[in-house]
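Participant: Starting off with a structure, shown below.
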Amino acid sequence: MIERWDAVQYDISVRLSVLGRLLDESEDPEICRHVVVALIATLQTAFRGTIISLCSLDAVYRERAAEKISERISIRDALAWIGGTSASFGEIVAHFAACNSLTDYLSWLDSLLALNLAKALVTVVSEYDQRNGKADAVPIIADVKALFSDVSEAFRLRHIFAHEAASGFTLTKEKCQPLFDGVKNLIAGTNAVLWGAAYRHLPLTQREMNEHAYKEATRARQELDDALDAAVASASSEIFLLI
């Protein structure tokens, strides 16, 4: 089974596309305020989806996540968070993990992946370029320092717009565009780092997906054959005893 939160990745992609279109088609500063708030919500969704995906992938990530949580969580609190329904360990951790700043984002992913994400983002190239071994691949992020500045500003403005009227604050399209690009590229860069680390053994290209599907089908067919053989053997033994 491929343990990834694919539905969330699709949702993130759609949301970024919609927000990008809003920014392209409107000069209204009010739209820019909306875009910033929605951008950070999208980044937080990507953040929590990554935590769930990693915790579902391997016990080592669950152990790192558990070490990252310093506060004690009661069963009653956990049930209240998830509304009394069943939830995975990763989902509980993702609910608990704060992502209210770039520092929060980097701290959690550094701990889970056991690497320095800021440094990894400097040279990371597309996951497809990684998988295909492209020699002259261009890094996804041209200037990580500038990107971090833009993402930090997006977090700052989101806090203002989400919690204050700030009627005298005007955010122009020209100032909003770098914030949008920064968040979008941070998500893309993080995904590329994940595919070079935690996900490197998972199928990515169409050929790899086809091979993976074939292996899974072959394994399932063999399990079915084994079960049928065992059933036939058991039935034959019972008939023999009856005779």
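The values are calculated or read from the model by the stated rules, or taken from the named source; none is laboratory data. Everything numeric here is computed off the predicted structure, so don't read it as measured data. Cβ: placed from backbone, ideal geometry, glycine included. Neighbour counts: every protein chain shown.
Participant: Can you pull out every residue in region 123-138 that is under 20 Å from the mean Cα position of the chain (by Cα) and either surrounded by 15 or more Cβ atoms within 10 Å (Cβ to Cβ) or within 14 Å of LYS184 (Cα to Cα) (or both)?
Facilitator: Hits for region 123-138 are VAL124, VAL125, SER126, GLU127, ASP129, GLN130, ARG131.
Participant: Checking PRO203 against (1) modelled with pLDDT of 95 or more; (2) not in a helix (DSSP H, G or I), which test does it fail?
Facilitator: Failed condition: (1).
Participant: Being of a type outside the set (Gly, Ala, Ser), at pLDDT 95 or above and within 22 Å of SER26 (Cα to Cα), is that true of even one residue in region 144-151?
Facilitator: yes
Participant: Across region 1-59, what is the total count of residues that are of a type in the set (A, V, I, L, M, F, W, C), in a helix (DSSP H, G or I) and farther than 22 Å from CYS99 by Cα?
Facilitator: Of the residues in region 1-59, 5 are of a type in the set (A, V, I, L, M, F, W, C), in a helix (DSSP H, G or I) and farther than 22 Å from CYS99 by Cα.
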